[in-house]
1. Restricted to Cα positions, what overall size does chain A have along the principal axes? Three whole-Å values, descending.
2. Volume per residue, Å³, of the convex hull around the alpha-carbon atoms of the range B:16-112?
3. Under a GNM of chain A (C-alpha, springs under 10 Å), which listed residue has the highest mean-square fluctuation: A:Ser96, A:Ser177, A:Ser68?
4. Among A:Leu220, A:Gly10, A:Ala201, which residue has its Cα furthest toward the positive end of the charge dipole of chain A, with +1 on Lys/Arg Cβ and -1 on Asp/Glu Cβ?
5. With a bin width of 5 angstrom, please list the P(r) values of the range A:1-86 as percents of all Cα-Cα pairs, from the 0 bin to the one holding the largest distance.
6. Comparing B:Thr173, B:Thr227, B:Thr121, which has the greatest mean-square fluctuation in the GNM of chain B with Cα pairs linked when under 10 Å apart?
7. Shape verdict for the protein assembly as shown, please, from the Cα gyration tensor: rounded (a/c under 1.5), prolate (a/b greater than b/c) or oblate.
8. Full extension from B:Asp94 to B:Leu59: what is 0.36 nm times the residue separation minus their Cα-Cα distance, to one decimal in nm?
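Each value in this text was obtained by applying a stated rule to the coordinates, not by laboratory testing. Please read all numbers here as calculations on a predicted model, not as lab measurements. Every residue, glycine among them, receives a Cβ derived from its backbone with ideal geometry; neighbour counts consider all protein chains shown.
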Amino acid sequence: MNWTWFHRLGSPPYVYGLARRLTPWFGWLSGLSMLAGLYGGLVVAPADYQQGEGFRIIYVHAPTAWMSLMVYTTMAAAAAVGLIWRIKVAHAVAASCAPVGASFTFAALATGSLYGAPMWGTWWQWDPRLTSELILLFLYLGYMGLRGSIDDSQRADRASAVLAVVGVVNVPIIHYSVTWWNSLHQAPTVMRFGKPAMPGAMLAPLLIMLLAFTLFFVALLLVRLRAEILNRERTASWIPEVLRS
Amino acid sequence: MSSHAATLAGERRIAAGNASAADAGRLVLLRDLKLAFRRPGQLIQPLAFFAIVTTLFPLAVSPELSRLRAVAPGVLWVAALLASLLALESLFRDDAYDGTLEQYALSGQPLTWLVFAKTATHWLLTGLPLALLAPLAALSLGAPPQSLGGIVICVGVGTVALSLIGSVGAALTLGIRRSGVLLALLTLPLSLPVLIFGARATELAMRGDSFVAPLELLGALAVLGITLAPLAAAAGVRISLE
């Protein structure tokens, strides 16, 4: 098997060009699927018999919550690759992931709070999922804080990569301990989304939105990755050539 | 400087490469203990901090023991967590500053093991004394006397995990100016499981119920920490030396 395509992924100019070519594809696909998902979710899907029209925020809330975890996993995987094989581009990917992931986490918390206000009658509930999500936000902030405080970029890359890997080991432990803590201290919260039987007309737009958000993340990541690579390679000789073309 | 001379002999043996890994770990542990006991004032600081924080709560909440009893486990654990965190900043700092860590990394001894020895010192100097001080604080917050033994065990086991998690944060923030807040930001979210199980075990102990289940989970966290944290902390130390 020919592995050159894989090795080229370690080269900043190649990845920069690749990201530039791929960005519009992911961007447009994400935009189109998001329109389809929103139409399905806001217009086609029937109102929930218990939650009425208010449940529709789930079409934004659930995908952002899903992305907050997926971005963290992507970040940690990229960080581990960078740490093990010392690939600079992998570190650039991890660095580009963090602010996007933190934004998704914040969006998930904000939409969750908006969702909770009419459904639970409260803006905030010490529910295990909300709490874990909040802690995930702190993990992102710690990661970005550590990266920001180290001046030397190689050291920043490697130190924050160790932190991302440590975090990924801890996320499940934190999640389960929070769940366990919650089940002891508080009456179970009614979390209607946990119901497996979601009618197809409601579920299909949700799946489309998940896809749309994933594509959106990839598009954002590619844009940020290009900026990150330009910043890191600003003294390299290939930059003027690429920027001129 | 005289404090260093006292342990030079041990360090020379490590440097000469004719000490086994176990010896090297023991020597590092003894050296750190010896250095720490030369500055008793610093040793007492985390304990004094713990005592003051637990004193703040009756003043802030209410002097009624019945109300304090309800928040006592949480107060004890938050105070222990912060006190342990306070002592973390100096875990590697002085040794990084005077080049000792660099010598450890070059000594041919497994750095993971030496870092573990340093972390063990941190526990012996903060975790263990905190565990011994905790019953006093608990008593003042309305814990029944028969629960005090359980509280010592819970805090003792839980602080092992705290020291280990903290060692990773301390190693990663080495060489950063004013790293204290960042260290808290990195360490506190990762310490949450310890806080949860620790407070739960303490609460059960105070009620006179069996606290074996959360204590076992604390033990599991400590064992997991012993297995993995020194590896990550040693990686962090190496990165800071690059």
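1. 62, 40, 35
2. Each residue corresponds to 123 Å³ of Cα convex hull volume.
3. Comparing A:Ser96, A:Ser177, A:Ser68 in a Gaussian network model of chain A, the most mobile one is A:Ser177.
4. Among A:Leu220, A:Gly10, A:Ala201, the one farthest towards the positive end of the dipole of chain A is A:Gly10.
5. 3, 10, 11, 15, 17, 13, 10, 8, 6, 4, 2, 0
6. Ranking B:Thr173, B:Thr227, B:Thr121 by mean-square fluctuation puts B:Thr227 first.
7. It comes out oblate by the Cα gyration axes.
8. Here the segment from B:Asp94 to B:Leu59 would lengthen by 8.9 nm.
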